[in-house]
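Working notes, beginning with the structure itself.
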Amino acid sequence: MVNGKKYIKSRFAKLVGGIFISSALLFGQSTIAATDTPKTPIITKPSYNEQLINSAHSAILAQYHYDRIPIDDALSERIYTLYLKALDPQKVFFIQSDIDQFEQYKYSFDDFVRRSQLEIPYEMYQQLLVRMDEQYALVTEILAEDFDFDVDKTLVIQRKDENFPKDKTEMRQLWKDRLQNELINLMVTDDTLTLEEAKEKLQKRYNARQKRIHDMEEGELFSLIMNVVSLSFDPHSGYYSAKQMEQFNISMSLSLQGIGTVLRQDDDSIKIVEVVPGGPADLTGQVQIGDEIIGVAQGEDGEFVDIVGMRLDKVVEMVRGEKDTVVRLQMIGNKGKGAEKIVKIVRDTVKLEEQEAKSKVYQLPSENGEEEYTLGVITLPAFYSDFEGSKKGIQDFKSTTRDVKKLLLKLVNDEHIDGLLIDLRGNGGGSLTEVIDLSALFIGSDKTIVQTRGFDGQQDAQSSPNEELIYDGPMVVLIDRLSASASEIFAGSMQDQGRAIIAGQTSFGKGTVQTMIDLSRILAKSTKPGQSKVTIAKFYRANGESTQEKGVAPDVTLPSIYDPNEIGESKELYVMAWDTIDAAPDYDPSVVITEAVTTQLQDKSKERFKEEEKHQIFKKQANKTLELWKINEMSLNLDERKEKLKREEKENLELQNRMRVLYDYEPLTLEQFRNEDGSYTKLLKETETDLLLEEGLLILRDYIDLLESETDAKSH
């Protein structure tokens, strides 16, 4: 996330001073009839302090969110939709009669929020507990029955677009199918497991889940509702209770170590959304973005704790721990459809050095073979800065710009590079100051790098007063779907100023600025009200286009393993829309690299993917991965699933080994490929193949060829 503190500082006093807290806290009569009494104590309404927090938080959102969305019936429908999704994301607990009863409140949530009358949302949650108790009781009953593993039937895995079951009979059949799928997953993953052992394992999982739903801590439901209200404005606004902020601060202390991942709550599952390069998880080679964690175990042989439906902060507590201790993660592969896997990770400090910019030099002949080009590559995993070191006045504090500047000077002065590739794949962003200063190394200090527009309509064009132009030669910037925020600012800036060919996939599309507002500046500190996170500004390129939602489109498109329907800003509900403002005064469209040039480069790249064996193999691998993203039905036939797994293993191993032979590496055995002894991970690290980087260098080579031919034509 790009830091918005500097942006908001000058406007914060205005923001805090203008909020009116309503004292009209009226209470309504319950109108949802519970079908049974849940085992958990019934919480019928928020506390008085929570009502005050709701009033303050919702007022901040309404008055200072970038889109200035009124709390009305249209927003009410959003809140209702998100709340239902939060309560029952897979539509496996509520039946249609519950939904029919809830529908009468679809356009009343704005009133509930404005008046702090949250009794109905609380009762909807109580009805969920009733249904969960019913379904978890069914689990024991169903697991005692026989299962037909020869059946010709499939199960829809992600049910977000399905209807709620019409009655309890339909619900029971759905649960039998779901349990059969989970049993198959267990037996396919571990072929030594008997059916009875798999049933016992599954029963333990559901016993733990049922216990957990009745262990909700004070304030958890209120926090959930506040976050749902926030998300109805946009996917990046939110609410953090005092306890959540305290846990966040503790997690940042040096006494606790992690595994180098960023986790995110995705409905009732916990998914990996970022893997820190060089971190403990990354070094295993087995943790991928999109993997779903379903269980966590401590040490070499600790018992797995099922975490499906568990709150994110609880999972983070379990994953973190002391340096050099072991945590084991039980996961479903990053396509969400595969068999389970268990990954052992040794906790460690995620070292800043692992995220630092790094450089490498390659020699590549021109296409006609008459010249030899020296090409530099700078890999940049994040836009980082040692803010504490800067504050303390440490002269040589770490920062992206300082590190890249040193690398760049060496590449230019010592290596005499003919071209430069900046690799921003997987770079999720970071410091706004750093991306502005870094951009200046390639376009100079007097050019607009990014524009911002705030919730008050004020626009700012930002350039770097700190850095001067160092490199003005041919450049390629490599991006992918995971390149976000600050990465998009850099790529967009290089594109607008005609400084680089952008190659790869369309970027993530995160073009907004958030700020944290401490509610104790509005309410009494003794109430420990927590903090609001509010989207207060948008980023715009020098050409006036937002990077929000649409991201940065490459000049040369390369195959991707990431499905844009599954990863990216545009997949979220209620995203802030792409739009435009006036171009910056110094924007000059005539300097943008012409379509004639980018078309030639795209055609040459396409030809390689059509003709070159390495490229063909990579494209097949990418297409197979994309197909897996799209699968949303799984067979409930055990033999079919086993055969499917064997077939996929065989096909993937063949493709992997064909690629390895082309790089003069030894083929892998099936045992190595399955990673049962960790040798697959070790071999991949030792024999790394990165075809997209190679293709990026070939695009850079082609670009230099074109520039030289243009120069020759002009000289003649």
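Quick one: is Ile79 at pLDDT 95 or above, in a helix (DSSP H, G or I) and out of contact with any helix residue (DSSP H, G or I) (no Cβ under 6 Å at 6 or more places or on another chain)?
No.
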Output the residues belonging to the range 507-551 that are at pLDDT below 95 and at positive phi. Lys528, Gly530
All but one of (1) more than 30 Å from Gln173 (Cβ to Cβ); (2) crowded, with 19+ Cβ neighbours inside 10 Å hold for Asp98; state the number of the condition that does not hold. (1)
Please find, within the range 144-170, the residue that is modelled with the highest pLDDT out of those that are among the polar types (S, T, N, Q) and assigned to a loop (DSSP other than H, G, I, E, B). Asn163
Turns out the helices (runs of 4 or more DSSP H) fully within the range 346-455 with at least 1 residues that are touching a residue at least 40 places away in the same chain (Cβ under 8 Å), crowded, with 21+ Cβ neighbours inside 10 Å and of a type in the set (Phe, Trp, Tyr) are 432-443
Limited to the range 85-101, what total is found for residues that are touching a residue at least 24 places away in the same chain (Cβ under 8 Å) and part of a helix (DSSP H, G or I)? 8
Would you be able to say whether some residue in the range 156-173 is touching a Leu at 6+ places or on another chain (Cβ under 8 Å), surrounded by 12 or more Cβ atoms within 10 Å (Cβ to Cβ) and under 20 Å from Glu648 (Cβ atoms)? no
In the range 602-636, which residues are acidic (Asp, Glu) and not in a strand (DSSP E or B)? Asp603, Glu607, Glu611, Glu612, Glu613, Glu627
Residue count, the range 563-601, condition among the small types (Gly, Ala, Ser) and in a helix (DSSP H, G or I), comes to 3
Which pairs turn up if I take residues in the range 620-637 that are outside the structural domain of Val156 (by TED's automatic domain parsing) and look for partners that are at pLDDT below 90 and surrounded by 19 or more Cβ atoms within 10 Å (Cβ to Cβ) with beta carbon separation below 7 Å, at least 6 apart in sequence or on another chain? Ala622/Ile561; Thr625/Ile561; Leu626/Ile561; Leu628/Lys335; Trp629/Lys335
Give me the pairs, please: first residue somewhere in the range 547-560 and within 23 Å of Gln616 (Cβ to Cβ) and outside the structural domain of Gly511 (by TED's automatic domain parsing), second residue anywhere and crowded, with 22+ Cβ neighbours inside 10 Å and of a type in the set (A, V, I, L, M, F, W, C), beta-carbon distance under 8 Å, and either six or more positions apart or on two chains. none
Among residues of the range 259-317 being touching a helix residue (DSSP H, G or I) at 6+ places or on another chain (Cβ under 7 Å) and among the hydroxyl-bearing types (Ser, Thr, Tyr), the residue surrounded by the fewest Cβ atoms within 10 Å (Cβ to Cβ) is Thr284
Within the range 44-80, considering residues that are under 15 Å from Ile120 (Cβ atoms) and of a type in the set (Ser, Thr, Tyr), the one nearest to the chain's Cα centre (by Cα): Tyr80
The range 697-716 residues that are touching a residue at least 40 places away in the same chain (Cβ under 8 Å) and more than 12 Å from Asn368 (Cβ to Cβ), paired with ones that are among the β-branched types (Val, Ile, Thr) and in a helix (DSSP H, G or I) (beta carbon under 9 Å, 6 or more apart): Tyr703/Val597; Leu706/Val597; Leu707/Val597
Would you point out the residue of the range 218-242, among those that are among the charged types (D, E, K, R) and part of a loop (DSSP other than H, G, I, E, B), that is surrounded by the most Cβ atoms within 10 Å (Cβ to Cβ)? Asp234
The condition from (1) over 19 Å from Leu424 (Cβ atoms); (2) touching a Leu at 6+ places or on another chain (Cβ under 8 Å); (3) among the polar types (S, T, N, Q) that Ser605 misses is numbered (1)
Output the number of residues of the range 361-398 satisfying the condition of being touching a Leu at 6+ places or on another chain (Cβ under 8 Å) and either polar (S, T, N, Q) or not assigned by TED's automatic domain parsing to the domain that holds Asp437 (or both). 1
Taking the range 669-693 as the region of interest, how many residues are under 26 Å from the mean Cα position of the chain (by Cα), part of a helix (DSSP H, G or I) and modelled with pLDDT of 75 or more? 3
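Output the strands (runs of 3 or more DSSP E) that fall wholly within the range 469-561 and possess 3 or more residues being closer than 24 Å to Lys604 by Cα, or say none.
Working: elements: 475-479, 501-504, 512-518, 531-540.
Ranges flagged: 475-479, 501-504.
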Of the residues in the range 491-535 that are within 19 Å of Ser230 (Cα to Cα) and touching an Asp or Glu at 6+ places or on another chain (Cβ under 6 Å), the one that is surrounded by the most Cβ atoms within 10 Å (Cβ to Cβ) is Lys510
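The values are calculated or read from the model by the stated rules, or taken from the named source; none is laboratory data. Being a predicted model, the structure only gives us computed values, none of them experimental. Note: ideal-geometry Cβ built from the backbone for every residue, glycine included; neighbour counts use all protein chains shown.
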